[in-house]
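The values are calculated or read from the model by the stated rules, or taken from the named source; none is laboratory data. Just so it is clear, the structure is predicted and the values come from calculations on it, not from any experiment. Reconstructed Cβ throughout: ideal geometry from the backbone, glycine too, with neighbour counts over all protein chains shown.
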Amino acid sequence: MSLENLYLENRKVLKVSGLNCVIFLNNILTSDISSLIPFETRPSALLSPQGRVMYDILVSLDFQNSSKEKSILIEYDLFCEDDLIKKLNMYNLRKEVKVEKTNYNVFVTMNPKNSKNSLRDARFLNFNVIINRIYDKNKYINYANKVSLSNWYDLIRYKYCIPEGSKEIEINATMPLEINLDLLGGISFEKGCFIGQEVNARIKYKGVVKRKYVSVYFKNKNFSFSNFNKINNKIYLKTLKIGELIALSLNVEDNIWYGIAKIKLSYLYLFEENNQLECDFFCSKIKINFPKYMLPLPRKI
């Protein structure tokens, strides 16, 4: 698998600055903004009052900030840009915080020495892999390829079940614990209240979510992306529909499809107990792979 550096054309960066920017973001986002460290980016989200993910984001300290007051960078899905900015400004009632677009382009690399603007992606800290993100104003950096026959970044994300963006995380319909945001360090239940905190704290401490994102893989030479859509994404265990595929990517070296699926938790217990169990998708036998950080699966208290 070629590990060339990748330009992510669907990702952009906002800058949030002002004397109270850390307090402001800490009060609305799921992660603890006050504990950010230099040259590291962490997962976070802005939720609805009902506790569902509106925007999944990555947050980091501004590496080019030379003033005494902090400024925060927010990486986001370009599809959600206007709505995200509008929502942040809506919560910024006293206008003491400035929200502005940057001209940074987003790249991912496995070589942290590629740029002085390299940020360690904290979602991968517990895995035997280093993924860094680079925010650079130059759109055509000489070490980055816009086109890749094998998107190694997606393949690695799918292996460790790390969804990203509105194509993989349905807006205002997905709970953060469904996408394992709590297990990836994207939620702090200790810092105090944030939007949607009460709903998710109740789910975490008193119950469980109904569905979970998991990693899957299968081999089928006759399958192609043209077969994959929201109509043909259902997953079955014998005759029972247990979930749906969210995303797929083909590893051209071993001809295996890797992806992320959303499966009902009540059925995932069966796969946790029997790692030989398979499910069905589009004339293919799918194997479910649980990254170690997901196990054991949560049980209702």
- prompt: Quick one: in region 196-211, which of the residues that are small (Gly, Ala, Ser) and assigned to a loop (DSSP other than H, G, I, E, B) is farthest from the chain's Cα centre (by Cα)?
  reply: 207
Answer residue from region 243-280, given it is among the small types (Gly, Ala, Ser) and more than 19 Å from the chain's Cα centre (by Cα) and is farthest from residue 153 (Cα to Cα) among those: 266
message: Quick check on residue 44: is it closer than 26 Å to residue 137 by Cβ, in the same structural domain as residue 134 (by TED's automatic domain parsing) and not aromatic (Phe, Trp, Tyr)?
response: yes
message: part of a loop (DSSP other than H, G, I, E, B) and buried (at least 22 other Cβ atoms within 10 Å of the Cβ): is that true of residue 44 in this structure?
response: no
message: Filter region 250-283 down to the residues that are surrounded by fewer than 19 Cβ atoms within 10 Å (Cβ to Cβ) and either in contact with a Gly (Cβ under 7 Å, 6 or more places away or on another chain) or charged (D, E, K, R) (or both) and list them by number.
response: 253, 254, 264, 272, 273, 278, 280
field: Residue satisfying condition, being in contact with a helix residue (DSSP H, G or I) (Cβ under 8 Å, 6 or more places away or on another chain) and in a strand (DSSP E or B), within set 59, 22
entry: 59
task: Select from region 166-191 the residues that are among the small types (Gly, Ala, Ser) and either free of Cβ contacts under 8 Å to residues at least 24 places away in the same chain or crowded, with 22+ Cβ neighbours inside 10 Å (or both) and list them in ascending order.
output: 186
